[in-house]
Amino acid sequence: MDPLDFGSLAHIRILLLPVGPIKRSDFEKWAYEIRSFENIRLGDIPADAREERARFMPGPLASGHIHLSFSYHSLPPSHALLSLFRPSDFPLGVIGIASCSESHAMSSIQSQFSTLVKNTFQEGSAYPLARNCFVFEEGENDANLGTHAGLVVIPGMMGNKKLYVGTLLAELCSNILAEFATVIQALESPLGNEYLNAALFPVLPPASDMPKPIDNDIPMRSSLPPLPHQSSQPELGTPVSLLRSKIPTPLITKRNSSIGPGPPTSPYRQASLPVQSSKKKLATIGAVSSHGRLFKMLGDFFLLAGRTMDASVWYNEAIAMLKGSQDNIWHASALEGLAIIPILDAWSAEKTDIVDGEKEPWSDTGTKLSQAIDLYYRATPPSDTESGYAFVSWFYSRAVLRYTTLLYAIWSAKGWGQLAFATLLNTGLGVFPPTLTNGAPSSQNAKRSSYGAFERLTVATGITRGLIADVLAQVHGPWLLHLGPNERISILEHTAAIYGILGYQRKEAYILREVLGCILDMIVCSRDETGGSRIAGAGLGIQGVDMGGTSQGSVGIRANDSTEGNDSILKLVKYICQVHGVDLEAIKFGSASGRPASLPSQGIDGDLDVPQEPFGWPELQIGIVREAIAVAEALPDYPSVAQFSLSALKTLHLVMSQGDQHHLFNTASKALSTAKRRGDSRYIEYWSGQPVVSIEILPLPLVRLPLEKPMSLLSREDDNVPPVLVGMTDPFLYNPRRLTAGQGVMLLVQKEAFDVVITLRNPFVFDLELSSLSLSTTGVAIETKPLALIVPANSFHPVTITALPLESGQLTIRGCVVQAPGGASKEFLLPLATPDEEARQERRHSTMACENGRSKYFGLEARPWERPNHRTSVYTQKADIKFLQCKIVSEQPLLRIRRTSLTHGAVMLYNGEKSSIRITLENVSALPVDFLHLTFDDSTVAPAQQALTEGELSVFETYETEYDLIHRPLFVWDKKKSRQLAGPGEKVVLTVGCFGKLDCTSGTIHISYAYCHRSQNHLETPPEVFHTRQLSYPVLVTVYHMLECHGLDILPYTPDMIRYAGDDNKAGHTQTSLQVENIEDWCIFSVEVRNTYGIPFEVTFEADHRTSSATALVPPGSTTRVLLPLRRFRLSEEQITQPIPTLSDRQFVVAKSNLSSQEELVQRELFWYREELLDRIRGSWKETGGMRHGDLSLRQQRLTLPMLDVLQSEDIRVQLSVHSYSGDENPAAVGSSNASSFFPPLDEFVYLHAEVVNLSSKQFTLVLDMSISPSEHVLYEGVLSGIPIGRIEGRSSRKYEIPLTFVACGRFDVTATAYIPGQKNSAGHGQITVFVE
Amino acid sequence: MPPQLRLNAVAFVSPQNHPILIKTFSQSRQDELKYHYIAHTSLDVIEERISAANATKSTECYLGLLYVEDVAVYGYMTPLKVKIIIALELTDSVIRDADVVAIFKSLHTAYRRSIANPFLRLNAPVDSNTDHAILVNAGHSQWKAFRKRVDDVGRAAGA
């Protein structure tokens, strides 16, 4: 039992020593056997027959027990002064434990034992009072080991060893009790009493000083009351008078021996003690040499002997005497002894006293103890020696702890009862009482009892925790500094333990800090000493071996640091920090062996940067952390230093100053490097939170980007879908799939490197160094090199990692593996920010945020790492986490543009010019290209397409735009003509036609290529897709606007025109080409061409497939009208009633125009005639004196209704002529120069001949109107108007004749109009001019 | 106010056990840390007292003498769970609870008036969604008013 325990005053301490060669396990086994005897009944103690030794022997049939406690260590020599004051602290008996099998070893064991005892105890010390050595026989051999004095051999074959050991112990106790009598005998003598009163802490006088009792018939015993219990009043008279009478003598003798307060162990040094100090003391002693101290000692011995009755009597005597003498310390000690007696009695009684109602049974004890505490507190050691203060403080603290233990034991045992007594007398504080552990095996880390459990105990006992703590608080004070380190540590440990059990964890931590301080003091001090000696003893060889003085110090040696106990100290440190809300183990150790196979896969939810609410008291936390690190440095345990520093950084960096952060970081990195240098196998796991903010794959450059195409595309190679309008083949105006189709998985190419951009974050004020950063991927293998980098302080830092996929397939980038220098690597997963994932995170954050700031759990239960344990409503739904994925396609060929025929990628064209571009491609990969496809884009396409999709255009405009897009592209490429294969390293030349299109500024040639017909395994299903790559070649286009056409007109031939045209010589060649046979069938196409450019152009128009053409030179800045005869034509009815077509497969958009059906008919008619006209007329231009040529477009021109009338050949034609019949019946035309003018004679009968020709295939019923003006000079027969012609079949004619005569000279105009009855419009028309002379 | 009362230190602790302000009225700097520890360790006792008070449904703010070491430590908890801890120098004379309560009341008033400052909220960190950050702000070094008020109380109480 620990000397600090409550019952220690009543315990006989027995020292157990291993003797001779004995195995540790054996020693422990036998020691355990012996230790199991915690008490021995008085009845079992063999009595000693000798009378003078029987004083403390139990009486026959005495009830009660002797309590034993065992220890393995003796007290330090400095405590020797206390041998009389507190005998229970000292080992009163010694038991040597030896094991032996050979008989000859017995003697050596005996000698070893005696030497050991001699060494253990100082010479001249009063204790031990008894000794014995147990030799446990080994093996089964029945050798007679013989008997040796002082040795007890316990044969191995003995059955019930325990019983025997018990007997032996009882014998030992008997010896001890007998020796008590001897000691008291010595003290009872007047000289002895003087010694006893000589100093505050007296010692037993050495035997040499003791006068031998000359006559045995005057034993000291006679001076004492033979039966103390007989009278409550001690007989003071005799001893006191006896003493007084003898005072002078011992004083003289005493001066000779001069026992000082110093250690009495060295008598030869006593001479050096100052004589005057002993004089001073003696002067004081003389007055107070009462028997109080002696009585107190008697009480002590009786208490140890288990005779509580006698003890209490003697204690009371002592108190009565000491009270008067102001001997506070002895008084207090007596009170302490007295206080214990009721507990011992109660324990022995084995039954609980019924409380008498008013007073709690322990109140008396408590009062005595508090009195004792008070007395100790007030006591001042007479001498100002350090040890005096030390002892007073020591006893004061112990008294306080004793009182505290009493209260605590009763409290924890739910009141006055066996459990409490057991705690007080047997178990001490080492064992948690069952009331607080709820039956669970107790340990330091076991869960503390709840508040409710504490309160229940308080209610049951009436002792509050506060009361216990108040009593305990007295122990803590500056006086602790007087104590030696061992004592201080044990006092503080006890204090902390009690605070801890009471649930005062902060106080416990506070005290533990001081414990730690003491321990470290000792560690550092001892290290200094040993360190010094090491250097002195440094030699070539093993430490401790004397190599002789000559061979000193050429090689320094370094002993292995003993790390024993370091773990416990660190555990203590961690516990203190935990109480203050700092988790020093926030960063765990990883072992070196497990890396990196057993990578601790960081859960997604591990420590997402949820804003952690800071807990605790920042001012204290930082100080505590600094202390913790200092402790770890002092041990030294470098990995722990690093762990602590980094944990603190991780958890506290929000409240830390910059300097502290720097300091901690530097400490950690230094410690890590030191640990590594010393070969420590532990690694610190990665510490600085989630460093990866985002991971992105950089898209491949466009040239390398593979595009996925379905294989079916290859089969319909000869489709006619105009590529420009491909985008519009979609039958839906809004197609939601089109949006998603664009965001497919990212494609990467096997064996072609790609870049990943990782954004890292450093929330600290120092630059964070990462020794390796690599990608964590699943799926296909990639080749990548870890990166070492430094993330600047307080910033986000993007890093690019290059990786090379080795095979094709699916690649998933889960996150990053990060390693800090000297630490273990750790994987951080970064899920893709899908809406699901974001919602999940959001929910988590809100749960956290909701709990932040709520003080549902207060105090230490609110520590960050405790909180998740309390949380019951956890969002548990596990969403499947998506990571960044990309598809690796198999190797692809790569083309590049070797050269082009353009300079600087620019082409200059005239409007409508046709030219060509040559592009040379080179295959720079090892794979052939077997598919080549060109698509084009230019700057006019997008606006046109947009205009089309907006749908605001009229049908006619739509057609024009579409026609422009389809039939007049900037680039054209004839797929059939060019080679589409390129083996590795080969070149291909592509020729792309180029057309000058006005308003075009740029164009792009996209060359898609692929290697699609790969050889593949037969067993594999052919892939459904193939991948193309695209080369884009942008071309800068400049189109000059130089010729513009306007003023398109269609004119009818009139007879006059023919005439005048013949006179006109200026028209040159035009005039000839205008000659036509039948003017009725022809019309004149006329257009003005203006040259807005700086050079002349030759313009040619061809009509009707080169049957007629007109060429004109258009000088710069001038306008030339070009005339061209054009055969009139007529389109069939079916053709012109067709609706205006759309050229694309675009969805039909309801026309916005609200034209009437009539107007629509007209529009369609115009449209179709215009199309036909533009088809027939082809304009082209040529640079004069140059090679450049091109088309001249008439599409800007409009066709009007009058033009249409001219252009359209009529259905019915009326041909008029004037005839005369002369002689024969054949009519002859009179004097006609051509078909339209006649010269009949005056006043003669002629016939006006009208032939109505139906040119169409339909039949008409017609009526003819004729008019002649001036009509008054013409005589005719019949009527001129409303002449019925009748039905005329298609392609036939009918004639009608009117005889008439012109009665005046001059010019007559004759017109004839055929019309369908009931219709206003004329169907056919004829006109002639008649000149009469 | 009896003249023998001597106030050594005042501590304000937030409901989440964060220190708001620790004010010592002695000169030496080392003492400040000591009172930090005193305030911190007294939370043990305060927790016990609060639990006891909760059990008996008591609404008393004054928690009484917490413990005595080399100073006498008293505790007080405002209805909003801000704890006020004061350390009085040990004297031989009897200290009446009424005097201590008077000190606490005035300290509470000082705190209340400081926390009523609307600008405190302005200066609270944006990312903290907890109220106590604002409370802790009140003891921040840039808010002098609170310190001054506590000083005044301390002077009146004989610091």
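List of remarks:
- FRET efficiency for the pair A:GLU1277 and A:SER1322, taken as 1/(1 + (r/R0)^6) with r the Cβ-Cβ distance and R0 = 25 Å, rounds to 0.55.
- Across the range A:758-821, the relative contact order, built from alpha-carbon pairs under 8 Å that are at least six residues apart, equals 47 percent.
- Extension gain (nm, one decimal) between A:ASP1081 and A:GLU1133, 0.36 nm per residue minus Cα-Cα: 16.8 nm
- Computed label-point distance, nm, for sites A:GLU455 and A:SER673 using a 7 Å Cα→Cβ extension: 5.7
- Whether the range A:892-1033 is rounded, prolate or oblate, judged on the alpha carbon gyration tensor where a/c under 1.5 counts as rounded: oblate
- Label reach from A:LEU902 (point 7 Å along Cα→C-beta): in the range A:939-966, amide nitrogens under 17 Å belong to A:939-942.
- Residue separation of A:THR759 and A:ASP364 scaled by 0.36 nm, minus their Cα-Cα distance, works out to 134.8 nm of gained length.
- Cα Rg over Rh - the range A:1210-1332, Kirkwood: 0.98
- For the range A:1210-1332, averaging the sequence separation of C-alpha pairs within contact (under 8 Å, six or more residues apart) and dividing by the residue count gives a relative contact order of 33 percent.
- Label-point separation in nm, A:LEU806 to A:TYR1221, each point 7 Å along Cα→Cβ: 11.5
- The modelled label-to-label distance between A:GLU1098 and A:SER71, using points 7 Å beyond Cα along the C-beta direction, is 13.3 nm.
- Efficiency of FRET from Cβ geometry, A:THR120 and B:LYS81, R₀ 51 Å, rounded to 0.05: 0.30
- Listed pairs A:LYS977/A:LYS1182; A:LYS650/A:LYS882; A:LYS162/A:LYS296; A:LYS650/B:LYS81 exceeding 31 Å between Cα atoms: A:LYS162/A:LYS296
- Theoretical FRET efficiency, 1/(1+(r/R0)^6), r = Cβ-Cβ of A:ARG1188 and A:SER1032, R0 30 Å, to 0.05: 0.60
- Radius 9 Å from Cβ of A:ALA496, net charge of other residues (Lys, Arg +1; Asp, Glu -1): -2
- Rounded to the nearest Hz, the phi-derived 3J(HN,Hα) couplings of the range A:1266-1279 under the Karplus curve 6.51 cos²θ - 1.76 cosθ + 1.60 (θ = phi - 60°) are 10, 9, 10, 10, x, 7, 6, 9, 10, 10, 8, 10, x, 10, where x marks glycine and proline.
- Neighbourhood net charge (12 Å Cβ-Cβ; Lys/Arg +1, Asp/Glu -1) for A:LEU705: 0
Every read-out reported here was derived from the displayed coordinates using simple, explicitly stated rules and does not represent laboratory data. Note that this is a predicted model, so its numbers are computed, not measured. In this analysis, Cβ positions are derived from the backbone assuming ideal geometry, glycine residues included, and neighbour counts consider all displayed protein chains.
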